[in-house]
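The values are calculated or read from the model by the stated rules, or taken from the named source; none is laboratory data. Please read all numbers here as calculations on a predicted model, not as lab measurements. Note: ideal-geometry Cβ built from the backbone for every residue, glycine included; neighbour counts use all protein chains shown.
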Amino acid sequence: MPDPDLDRFTSRRSTTYAPNGLVATSQPLAAEAGVQMLREGGNAFDAAVATAAALNVVEPTSTGLGGDVFALYRTADGEVGAMRSCGGAPADATIENVREALRKKDDLSEYYPDDGGYAVDDTEDAGMPFYGPHAVTIPGTARGWETTIEELGRLSLADALGPAIEYATEGYPVSEVIASYWSGAEDLFTDENAREAYLMDGRAPKVGEVARLPRLGESMQKIADEGADVVYEGDIAEQIAAEVQKHGGFMTVSDLADFEPEFLDPVSTTYNGAEIYELPPNNQGLIALEALNIAEEIGAGDHPVGSPERVHYFAEATKRAFHDGHRYITDPEYEEIPPLESKSYAAERAADIGDTASDVSFGVPGSNAEDADTVLLTVADDEGNVVSYINSRFAGFGSGLVAGDTGIALQNRGSSFSLDPDHPNHLEPGKRPFHTLIPAVANFGDDDWAAFGVMGGYMQPQGHVQVISNIVDYDMPLQAALDQPRWRYREDGSLAVEGRMDGNVQSKLARMGHDVRVLPPVSFGGAQITRLESGDDDVLSGATEPRKDGTAHGF
């Protein structure tokens, strides 16, 4: 858990403005890596990959080559598009094979930690393991980076990886929030190769201490020299498969070699005049769109910004969107998904919303994703490109497995599957799990585009709704839109709020029937936004999450 000292929230920031390019993300050194690409003649997509790669090194607690990556963007020629680089389950990962593997396991404690709500008394009652080899799905990051550069960028993958390789091999000082999260690796990593890769004499680095990740740096150098194929068919692929199999999992080099990213059409809706674009299933973008549609239908944004009524009506809209999203969203190649983004559907769902809290269940995701860790970055350049780019291993350092001597920590995104064969998100070979990651793009006017997102498990669509409402309904500057106190609907039915929220508002929400809980700022996600407003003088602006270590850096 985060250090209690990080619960403070006393900083003040301003919106950043720049003429040529702007990067917003959760760690300043990573933002600088992206700006370096822009200075060297790259575009927003080159900068996005460089920033993401640097985050793998300077914020390894929330992202890595062993995870997935997604993009949502608007190009200089006006195209709005999306990229999904998300792997599925191995070919032999059936429900029965996983259950049989669990039956053979004497001690499940490393798969189901007692402090995370995953402990089980009997293997027959066990859901999908949260940690360990069965939670590992095919990592999409390396091929996603390469595809982004080749299809949309201007520089080379080696150029984009350069700053990350330097940080990994030469070292960098660890920042506050990241140092706090890194301490969790001390208990998570039990294998010697994992501890060697990410701990210093058995401990996490302290705030301001210089960290080096030479094994990860060597792997990135291989990717720079040989391309992403080394992760899917070469030496790194062999070490990933061997690591998973060593612990009883099913992944093979063939599973890795079969993986390819995909470009797809975003889904969208309008909210009070703005058009919002999200990723379609298997990602949870439909939840954000449905919540916005319901909120618009009931006039949630008509209430004063600091009022309990505003929080109440947006929370009620969100409840229904989560219930529906967790009922239907999964890999669309395996299940049919209704048009949750439609206005007519939202009108039906809004019909029973009143002035008191309703009893609407969170849904049945089977995904253990409420408080997952992620990194998000956004970039805008003076050519007219804006991109929201999101990269994650799911929970912190992922599955707890690090592949051989590669320094690559493997994701636990497969824990989002259900082992109930009647669940729409149940495990099947090749299937992609319900995915929390949702980069987004907004069009606020004719030539007014923004790339944005709010990282953090189930906070993501709720954060999208709040940030968009802050800008559209209340005309807030970008940084103010991120600074505003947040709320979030929790899986247990409670309504969490930041302690900065006015006490009278909290009391009124409780009288309206909400189970109000106060949580620290780190529980309310991490937002980034960059915006391009075209006119006589194109203006780039950006803002970064004040609850994180980052910056909005322009030139």
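Here T190 qualifies as modelled with pLDDT under 95, over 30 Å from A291 (Cα atoms) and among the hydroxyl-bearing types (S, T, Y). Whether a residue is within 23 Å of the chain's Cα centre (by Cα) and touching a residue at least 40 places away in the same chain (Cβ under 8 Å) was assessed, and G87 passes this test. Looking only at the range 40-57, which residues are assigned to a loop (DSSP other than H, G, I, E, B) and within 17 Å of E146 (Cα to Cα)? Answer for the range 40-57, where residues must be assigned to a loop (DSSP other than H, G, I, E, B) and within 17 Å of E146 (Cα to Cα): G42, N43. Note on the range 148-170: among residues that are more than 15 Å from A54 (Cβ to Cβ), under 25 Å from the mean Cα position of the chain (by Cα) and in contact (Cβ under 8 Å) with a residue 24 or more places away in the chain, the one that is surrounded by the most Cβ atoms within 10 Å (Cβ to Cβ) is G153.
Can we say S85 is of a type in the set (S, T, Y), over 21 Å from R531 (Cβ atoms) and crowded, with 24+ Cβ neighbours inside 10 Å? Against the criterion (of a type in the set (S, T, Y), over 21 Å from R531 (Cβ atoms) and crowded, with 24+ Cβ neighbours inside 10 Å), S85 qualifies. Can you say whether H514 is over 21 Å from the mean Cα position of the chain (by Cα) and buried (at least 23 other Cβ atoms within 10 Å of the Cβ), as far as the supplied structure shows? So H514 fits the description; yes. Among the residues in the range 289-303, are any closer than 28 Å to L410 by Cβ and among the aliphatic types (A, V, I, L, M)? Taking every residue of the range 289-303 in turn, none turns out to be closer than 28 Å to L410 by Cβ and among the aliphatic types (A, V, I, L, M). In the set M128, M37, only one residue is in a loop (DSSP other than H, G, I, E, B) and over 18 Å from the mean Cα position of the chain (by Cα); that residue is M128. Within the range 197-212, one or more residues are in contact (Cβ under 8 Å) with a residue 40 or more places away in the chain and farther than 28 Å from S109 by Cα.
Filtering the range 270-325 to residues that are within 26 Å of S388 (Cβ to Cβ), surrounded by fewer than 24 Cβ atoms within 10 Å (Cβ to Cβ) and either in contact with a Cys (Cβ under 6 Å, 6 or more places away or on another chain) or β-branched (V, I, T) (or both) leaves T270, V305.
Figure legend. Inter-residue proximity from the range 257-270: first residues under 20 Å from T75 (Cα atoms) and hydrophobic (A, V, I, L, M, F, W, C), second residues modelled with pLDDT of 95 or more and in a loop (DSSP other than H, G, I, E, B), beta-carbon distance below 7 Å, spacing 6+ or different chains. Indicated pairs: L264/P280; V267/P280; V267/E341. If the condition is being farther than 23 Å from F524 by Cβ and surrounded by fewer than 23 Cβ atoms within 10 Å (Cβ to Cβ), then the range 366-417 contributes D382, E383, G384, G404, D405. I need every pair where a residue in the range 519-530 that is in contact (Cβ under 8 Å) with a residue 24 or more places away in the chain has its Cβ under 7 Å from the Cβ of a residue that is of a type in the set (S, T, N, Q) and crowded, with 24+ Cβ neighbours inside 10 Å, sequence separation at least 6 or different chains. Listed pairs, sorted by first residue: G525/Q460; G526/S26; Q528/T25; Q528/T378; Q528/T544; I529/T378; T530/T378.
Can you run down the residue pairs with Cβ atoms below 6 Å, 6 or more apart or on separate chains, where the first is in the range 277-290 and under 16 Å from S392 (Cβ atoms) and the partner is in a loop (DSSP other than H, G, I, E, B) and of a type in the set (D, E)? Close Cβ pairs satisfying both conditions: N282/D331.
Is at least one residue of the range 399-415 over 30 Å from E218 (Cα atoms) and hydroxyl-bearing (S, T, Y)? Checking the range 399-415: not a single residue is over 30 Å from E218 (Cα atoms) and hydroxyl-bearing (S, T, Y). If the condition is being of a type outside the set (G, A, S) and either modelled with pLDDT of 95 or more or in contact with a strand residue (DSSP E or B) (Cβ under 7 Å, 6 or more places away or on another chain) (or both), then the range 428-444 contributes E428, P429, K431, R432, H435, L437, I438, P439, V441, N443, F444.
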